[in-house]
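Have a look at the structure below, then the notes.
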Amino acid sequence: MHRYANPARTLRIVAALFPWIAGATALLFPLGLYLALAGSPADYQQGETVRIMYVHVPAAWLAMFIYSVMAVSSALALVWRHPVAELSARAAAPLGAGFTAVCLATGALWGQPMWGTWWVWDARLTSVLVLFFLYLGYIALADAFDDPERGGRAAGILAIVGWVNVPIVKFSVDWWNTLHQPASVTRLDAPAIHPDMLWPLIVMAAAFTALFTLLWMIRLRAELIERRNRVVEASLAEGLA
Amino acid sequence: MIQATLAVLRRDLALGLRQAADLVTAVGFFAVAALLFPFGVGPEPQILARIAAGVVWVTALLAGLLSLDRMFQPDAVDGSLDQLALSPAGLAGVAVAKAAAHWITTGLPLVLVSPVLAIMLNLDPAAITTLMVSMLIGTPCLSLFGAIGAALTLGARRGAALVPLLILPLVVPVLIFGVAAVEATATGLGARPHLMILAALLAAALPLAPLAAAAGLKLSLD
């Protein structure tokens, strides 16, 4: 872990991985979209509307996954004062907020024809909305200080505290018997979803993960370069004074 | 450590009670905000009875937020926070004392005023005791979460505006079970399970929130 505390080394690793992740995204996304939109059957009950699921479910998984990435990064940053971990949490936050927004929006689009309503105050929906606000709070707090490192650390504590919400999101469908359907893929026994629909979903989840990794690397690189610029400017200003 | 924590609590209570402005502001805001609802939704007794518990709870949470940004701010500005950090209470002890002082000067008065507002909003009289008990357990959670928010935004630009954004998502469970307890009593189901969950939330927040707040305070001392 401490190997990657060196920003220059991290930048080199990011540069080396970049073409591979970009290639994987470029390959997986068209394949996943083809499978989801054309290469999979319509549902016998939901009809074509089921295809929203191939965007909604991967976005929801990533919304939880990215928050966990942020919480782990923040913990590393707080415990070991790991400089890159702090920037990695900061780089992930707007992406997580974006995926959460996609999850909420596609859920509303699906809910309108299927449940007859855009929104219900169901346990799953409410806890995802709270997750969205936690992302917004993290972003607002991280940018609220003149010293960006101080903002990053304060927001890191918030990310760790707010992580209690992630298990609530995950298990809300089991703990409260409300409108949102329970988990059908990540179950101890076999997934309760037909392979014809499971495979497009898995490919789409991989595509979303690759896209997140790609954008995360781009943002991490930008954060690292910006932090370096600030150090250079500060030392230049000191030299002039 | 306990002695030092109690000393900080005594000092903050004395400060809070001698300038009663915060207390009056919180209670005044609570009353005015809650009593806006009959004008907003109309004075029909059934509608008011249906929303009374939620209105009292939500406005109490908002009133409790008002003085949060000044929980640590004055001490950080005049340097006493540095001294407190060196005291035997430690930063976690300071956070406990500050949260307790905030609750006694803000949360407790809100609980004491709530029955009056509940009656004016036509809440079922049988549910008023449950409302007070649920707020008695729930408002300390707000003070404890609030200590985290106040510590994290110490020295931030627009800190006062940030605290609600950070804290309100975290107190959603408290609100849900607090209101559910009152409604369970009003419908005759028994509030006990909801009150037990509220108490569990408080029992979890009591040791953990001061640690997070202390970590936040430590950042501002660097």
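Only one residue in B:Leu121, B:Leu84, B:Leu91 is within 30 Å of B:Val179 (Cβ to Cβ) and of a type outside the set (Gly, Ala, Ser). Which one?
So the residue among B:Leu121, B:Leu84, B:Leu91 that is within 30 Å of B:Val179 (Cβ to Cβ) and of a type outside the set (Gly, Ala, Ser) is B:Leu121.
Among the helices (runs of 4 or more DSSP H) confined wholly to the range B:1-120, which include 3 or more residues that are within 30 Å of B:Asp222 (Cα to Cα) and modelled with pLDDT under 90?
Passing ranges, in order: B:2-18, B:73-78, B:80-86.
Determine which member of the set B:Leu48, B:Leu35, B:Leu23 is open to solvent by 20 Å² or more (accessible area, probe 1.4 Å), over 16 Å from B:Leu154 (Cβ atoms), touching a residue at least 60 places away in the same chain (Cβ under 8 Å) and out of contact with any Ser or Thr (no Cβ under 8 Å at 6 or more places or on another chain).
B:Leu35
Just to be sure I understand, how many residues within the range B:138-170 are surrounded by 24 or more Cβ atoms within 10 Å (Cβ to Cβ) and within 30 Å of B:Gln46 (Cα to Cα)?
Final tally of qualifying residues: 3.
Of (1) without any contact (Cβ under 8 Å) to a residue 24 or more places away in the chain; (2) in a helix (DSSP H, G or I); (3) of a type outside the set (D, E, K, R); (4) within 14 Å of chain A (Cβ to nearest Cβ), B:Ala156 satisfies all except one. Which?
(2)
Only one of these conditions is not met by A:Phe208: (1) of a type in the set (Phe, Trp, Tyr); (2) more than 18 Å from A:Met53 (Cβ to Cβ); (3) more than 14 Å from every other protein chain (Cβ to nearest Cβ). Which number is it?
So A:Phe208 meets the others, but not (2).
Mind checking whether some residue in the range B:194-215 is within 18 Å of B:Phe30 (Cβ to Cβ), open to solvent by less than 40 Å² (accessible area, probe 1.4 Å) and more than 10 Å from every other protein chain (Cβ to nearest Cβ)?
no
Within the range A:143-158, how many residues turn out to be within 11 Å of B:Thr153 (Cα to Cα), more than 7 Å from chain B (Cβ to nearest Cβ) and under 17 Å from the mean Cα position of the chain (by Cα)?
Qualifying residue count for the region: 1.
Pick from the range A:167-185 the residues that are of a type in the set (Ser, Thr, Tyr) and surrounded by fewer than 17 Cβ atoms within 10 Å (Cβ to Cβ): which of them is farthest from the other protein chains (Cβ to nearest Cβ)?
Restricting to residues being of a type in the set (Ser, Thr, Tyr) and surrounded by fewer than 17 Cβ atoms within 10 Å (Cβ to Cβ), the top hit is A:Ser184.
Filter the range A:85-139 for residues that are more than 12 Å from chain B (Cβ to nearest Cβ), under 19 Å from A:Trp176 (Cα atoms) and either in contact (Cβ under 8 Å) with a residue 40 or more places away in the chain or among the acidic types (Asp, Glu) (or both) and give the result.
Listed by number, the residues that qualify are A:Gly107, A:Trp115, A:Val120, A:Asp122, A:Arg124, A:Leu125.
Looking at A:Leu35, A:Leu31, A:Leu11, can you tell me which residue is open to solvent by less than 60 Å² (accessible area, probe 1.4 Å), under 14 Å from A:Ile202 (Cβ atoms) and touching a residue at least 40 places away in the same chain (Cβ under 8 Å)?
From the options A:Leu35, A:Leu31, A:Leu11, the qualifying one is A:Leu35.
The values are calculated or read from the model by the stated rules, or taken from the named source; none is laboratory data. These numbers were taken from a predicted model, which means no experiment stands behind them. All Cβ positions, even for glycine, are placed from backbone atoms using ideal geometry, and neighbour counts span all protein chains on display. Side chains are part of the model used for accessible areas, which takes the heavy atoms of the whole protein and leaves out ligands, DNA and RNA. Shrake-Rupley method; radii C 1.70, N 1.55, O 1.52, S 1.80 Å.
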